[in-house]
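Student: One structure coming up, written as structure tokens, with questions to follow.
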Amino acid sequence: MIVRTWTGVVKPGAAPGYIAFLNDHMVPEIRSAAGNLGITILQGSGDSPDEFLVISRWVDLSSVVAFAGPDPEVAVVPEEAQALLSTWDDRAKHFEVALAEGGQGVT
């Protein structure tokens, strides 16, 4: 299993709109992609409530390529999301699951 991570920081006051955009557009798009095993979106707390970490899980790297394109590390950040973000990672990071507890195991 491959885990894809990406972070972005929304503009001041834009967090509710960004969450709505993710819920209405990005989550359904990612969930419907072949090979996607799920998505988790974390919002910062304390001093960083405008930071978001997107964690998606994939069957394998070829599933990520089918979603993100030939360079799987290129971040998928639609223009509508860019309008709400002040900064974001241009590139996603990928990790192979070495050990998982309490859920789906290593494949």
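The values are calculated or read from the model by the stated rules, or taken from the named source; none is laboratory data. Treat the numbers as computed from the prediction; the structure is a model and nothing was measured. We place every Cβ from the backbone using ideal geometry, glycine too, and count neighbours over all the protein chains shown. Calculation scope for accessible area: heavy atoms of the full protein, side chains included, ligands and nucleic acids excluded. Shrake-Rupley method; radii C 1.70, N 1.55, O 1.52, S 1.80 Å.
Student: Filter the range 42-52 down to the residues that are in a loop (DSSP other than H, G, I, E, B) and of a type outside the set (D, E, K, R), then identify the one that is most open to solvent (accessible area, probe 1.4 Å).
Tutor: Ser45
Student: Does at least one position in the range 61-70 carry a residue that is assigned to a loop (DSSP other than H, G, I, E, B) and open to solvent by 60 Å² or more (accessible area, probe 1.4 Å)?
Tutor: Yes, because at least one residue in the range 61-70 is assigned to a loop (DSSP other than H, G, I, E, B) and open to solvent by 60 Å² or more (accessible area, probe 1.4 Å).
Student: Let me ask something else about it. Would you point out which residue out of Ile39, Ile55 is surrounded by 16 or more Cβ atoms within 10 Å (Cβ to Cβ), outside any loop (DSSP other than H, G, I, E, B), among the β-branched types (Val, Ile, Thr) and under 11 Å from the mean Cα position of the chain (by Cα)?
Tutor: Result of the check over Ile39, Ile55: Ile39.
Student: I need a count of the residues in the range 71-103 that are of a type in the set (Val, Ile, Thr) and assigned to a loop (DSSP other than H, G, I, E, B).
Tutor: Here the count works out to 3.
Student: Take the residues in the range 54-71 that are in contact (Cβ under 8 Å) with a residue 40 or more places away in the chain and not aliphatic (A, V, I, L, M), then tell me which one is farthest from Gly35 (Cα to Cα).
Tutor: The extreme case among them is Ser56.
Student: Restricting to the range 21-35, name every residue that is touching a strand residue (DSSP E or B) at 6+ places or on another chain (Cβ under 8 Å), open to solvent by 20 Å² or more (accessible area, probe 1.4 Å) and not charged (D, E, K, R).
Tutor: Within the range 21-35, Val27, Gly35 qualify.
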